[in-house]
Amino acid sequence: MKKFLAALIAILALCAGLAYGSDQLTKSTGDTGNKVLNLYNWGDYIDPSLLTKFQKETGYHVNVETFDSNEAMYTKIKQGGTSYDLTVPSEYMVEKMKADHMLIPLDKSRLVGMNHYGHSFLNKSFDPHNKYSIPYFWGTLGIIYNDQYVKPGSLEHWNQLWSKKYRNDIMMIDSARDILGFSLISMGQSVNTTNSAELIRAKDKLNRLSPNVKAVGADEIKMYMAEGEAPVAVDWSGEASEMMSQNSHLHYVVPTEGSNMWFDNLVIPKTAKHFKAIYAFLNFMNQPKNAAQNAEYIGYSTPNMSAFKLLPKATQDDKQFYPTQNLIDRLQVYSNLSPQKVQEYNDLYLEFKMHH
Amino acid sequence: MKRNYRGLFFTPYVLWLAMFVIAPVALIIYYSFFNIHHHFTFANYQEFFSSGTYLTMTANSVLYAFLITLFAILISYPMALVISKLKHRDLWILLVILPTWINLLLKAYAFIGLLSHDGLVNDLFQFFGIPAQHMLFTDASFILVAAYIQIPFMILPIYNSLTDISDSYIRASRDLGATKWQTLTKVIIPMTMPGIKSGIQIVFIPSLSLFMLSRLIGGNKVITLGTAVEEHFLTTMNWGMGSTIGVVLIISMVIVMLLTNTKRKRRRTS
């Protein structure tokens, strides 16, 4: 018992010592005064070398904290007690935070480089005239297939997923709006429909898909697809690009009839304090060179067209992640739904998951 | 003076109970009476008990938890019986407990490696000429992995109650002409009933809401109440409904406790 206690105390002391040391180290590299910026971002969603570069150029030290879902980020900011200067919600969450008065409008006179952004990515319904948000990355929902099992070019439409060929073959991302969304699109409806009859029809159609569904999951889909466990998956383009970097047999398709287009956006929450640092950072990230470097590191599609032109030729020509304007025009963006409708989407989705 | 001291010793216990048992349960019950607009309502309960989705989900959860517990007993009892007869039984029981030192998530990922299409089990199958099977995302694989994870918690109480049985009982039963089988069913099993019951209590309840495993191994084809709780707290932010399901889980826990306890009391009084 004595030995056990001694070991326990030793481990605790070691941890405390290390924690103190790392705290000292970050303190010495950073600035303890007002020259800081608190960025609340998704995990691994910015090139760390850009943060060093930003500090060298402007002297502001960036403290990064991370979240793993829009809802978690929303709850934490809403509860208060934080001092985040910038955060990165997806489009429907921008709308929700705006409605709940949790955002501070952007001061356009202090922003430089907004002209770099493509027209397709600005002035979207979730934030007219980009009063509150700057697009950070964008992407689509689509179909990933493994060319060892699926003939390239033979799977290009949502409706083909229902084919008997793909019995027990499809993995799907665990997200109510995306799954009901592609079912709605396959019937020519809007992904933002609030019509209960349409939603029920979309769910009934999904029920008929369930013999083809192998599993519904989240991050682990990447691993399963990379290992060839399943031939087909419905997932986001960002996830797809990560899978494809691990397995060259994988391909990503955005069905031509349309799909969802998502945006992650930089916004200033009500908790912000360091406004000089915020605008310095936004203008820094607007610079094509920096945006391009970030896009290459993350592998997602950048809305910054000048940065796009700096990307390697192969990336620019990649129709999987930078689809044609024709297709972009057919992509639909999610708008924020009332809590009742969110519940309705999720209840129907749960019914689909339980359907065998 | 003395009484004061006793009060002092009692405070940590009371504080612990109040902060970590009573307060959370009270909060869950409190939240379960509110809808998404923070208005007091009974609608959550009404919805739970009138919706086919939630009732099927409850039935599913109970069925899977029952199967997991059943398989855990079927494997654990003979194992505990054998181990309790071994020479170095303390070492063997340690080996059984060993897997509980490993994080649940790691074990789940290890099983993904074993059961996947190109995994070890399929390699073994192919070695014997059996074609590769799709084993992940099936009910069988979910129950297998869940039972594997629960087995140590089932073996321990059974093993303890087995080692508590004095050898003289078994000798007496032999002397009175009982066969080995009769000794097992008429003497050993009844005497280890308390161990089996506490094993059931420890295994059944967590099995009702194994949402991590139902996602990773079951591919969300097995939907249990845990899945719904996760969704209500993280996606729809309908904490009221999530809490209502929590209350239902607490009540079912109480029911299982009562069911596995009353019989023991009755036997004692008779």
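Readers should treat all values here as calculations from the given coordinates under stated rules, not as data from a laboratory. Every value quoted in this text rests on a predicted model; they were computed, and no experiment measured them. Neighbour counts run over all protein chains shown; Cβ positions are idealised from the backbone, glycine included.
On the principal axes of its alpha carbon atoms, chain A extends 67, 62, 44 Å, with the longest extent given first. Measuring nothing but how far apart in sequence close Cα pairs (under 8 Å, 6+ apart) lie, relative to its length, region A:1-151 scores a relative contact order of 17 percent.
Summarising the label geometry, the points placed 7 Å from Cα in the beta-carbon direction at A:K151 and B:A140 lie 3.3 nm from one another. For the Cα trace of region A:32-161, dividing Rg by the Kirkwood Rh returns an Rg/Rh value of 1.06. Over all other residues within a Cβ to Cβ distance under 11 Å of A:Y297, the charged ones net out to -3, with Lys and Arg as +1 and Asp and Glu as -1.
Shown here are the Rg and Dmax of the Cα trace of region B:138-253, at 20.1, 66 Å. Diagonalising the gyration tensor over the Cα atoms of region A:91-227 and scaling each eigenvalue by 5 before taking the square root yields semi-axes of 35, 19, 14 Å, largest first. Structure note, pairs A:K164/A:K205; A:K108/A:K276; A:K222/A:K309; A:K56/A:K131; A:K205/B:K221; A:K78/A:K222: Cα-Cα distances above 24 angstrom occur for A:K222/A:K309; A:K56/A:K131; A:K78/A:K222. Each Lys or Arg adds one and each Asp or Glu takes one away; over the other residues whose Cβ falls under 14 Å from the Cβ of B:I165, this sums to +3. The helix-based estimate of mean residue ellipticity at 222 nm for the protein assembly as shown, built from -39,500 (n - 2.57) per DSSP H run of four or more residues and divided by its residue count, is -17500 deg cm²/dmol to the nearest 500.
With kT/(6 pi eta Rh) evaluated at 25 °C and eta = 0.890 mPa s, and Rh the Kirkwood radius from Cα pairs, region B:57-261 diffuses with a coefficient of 129 µm²/s according to Stokes-Einstein.
Rounding to the nearest 10 and keeping the result within 0 to 90°, find how far the Cα-based axis of helix A:176-186 lies from the longest principal axis of chain A. Roughly 40 degrees, rounded to the nearest 10. Could you give P(r) for region A:193-239, binned at 10 Å from zero, as whole percent values over all Cα-Cα pairs? P(r) over region A:193-239, rounded to whole percents: 22, 39, 30, 9.
According to the calculation over all Cα-Cα pairs in region A:153-212, the P(r) per 5 Å bin from zero is 4, 18, 30, 25, 15, 6, 1 %.
Ordering A:A230, B:I155, B:G242 by the projection of their Cα atoms onto the charge dipole of the protein assembly as shown, which places +1 on the Cβ of Lys and Arg and -1 on the Cβ of Asp and Glu, puts B:I155 at the extreme positive end. Take the Cα of B:L27, go 7 Å toward its beta carbon, and the backbone nitrogen atoms of region A:65-106 under 17 Å from that spot belong to A:72, A:75-81.
A cut-off under 13 angstrom between Cβ atoms defines the neighbours of A:P128, and their net charge, with Lys, Arg +1 and Asp, Glu -1, is 0. Using only Cα atoms, find the angle between the long axis of helix A:237-246 and the longest principal axis of chain A, and express it within 0 to 90 degrees, rounded to the nearest 10. Tilt relative to chain A: about 90 degrees. Sparsely packed loop sites in region A:136-197 (the trypsin sites (Lys or Arg not before Pro) outside DSSP H, G, I, E and B with at most 16 other Cβ atoms within 10 Å) comprise A:R167. DSSP assigns beta bridges within chain A; of those with both partners inside it, close to 55 percent run antiparallel. Taking chymotrypsin sites (Phe, Trp or Tyr not before Pro) as exposed when their DSSP state is a loop state and no more than 15 other Cβ atoms lie within 10 Å, the longest site-free interval of chain B runs over B:129-270. Tell me which DSSP H helices of chain B clear both cut-offs, 18 Å or more of axial length from alpha-carbon atoms and a mean Kyte-Doolittle hydropathy of at least 0.0. Span-like helices here: B:52-85, B:139-164, B:193-208, B:239-269. Between B:F9 and B:V82, full extension at 0.36 nm per residue minus the direct alpha carbon distance yields a gain of 22.0 nm. The loop-placed GluC sites (Glu not before Pro) in region A:1-105, going by DSSP, include none that has at most 14 neighbouring Cβ atoms within 10 Å of its Cβ. Take every pair of alpha-carbon atoms less than 8 Å apart whose residues are at least six positions apart; their mean separation over the length of chain B yields a relative contact order of 27 percent. The C-alpha atoms of chain A define a longest principal axis, and helix A:288-298 lies at about 70 degrees to it. Between B:D167 and B:L94, the FRET efficiency from the beta-carbon distance, with R0 = 22 Å, is close to 0.45. Sorted fewest first by neighbouring Cβ atoms within 10 angstrom, A:E257, A:E344 come out as A:E257, A:E344. Across region A:251-310, C-alpha contacts under 8 Å between residues 6 or more apart give a mean separation that, scaled by the residue count, equals a relative contact order of 24 percent. Quick one: what does P(r) look like for the protein assembly as shown with 20 Å bins over all Cα pairs, in whole %? The calculated distribution, bin by bin, is 15, 43, 33, 9, 1. Here the spin labels are modelled as points 7 Å beyond Cα on the Cα-Cβ line, and at A:K165 and B:M193 they lie 6.2 nm apart.
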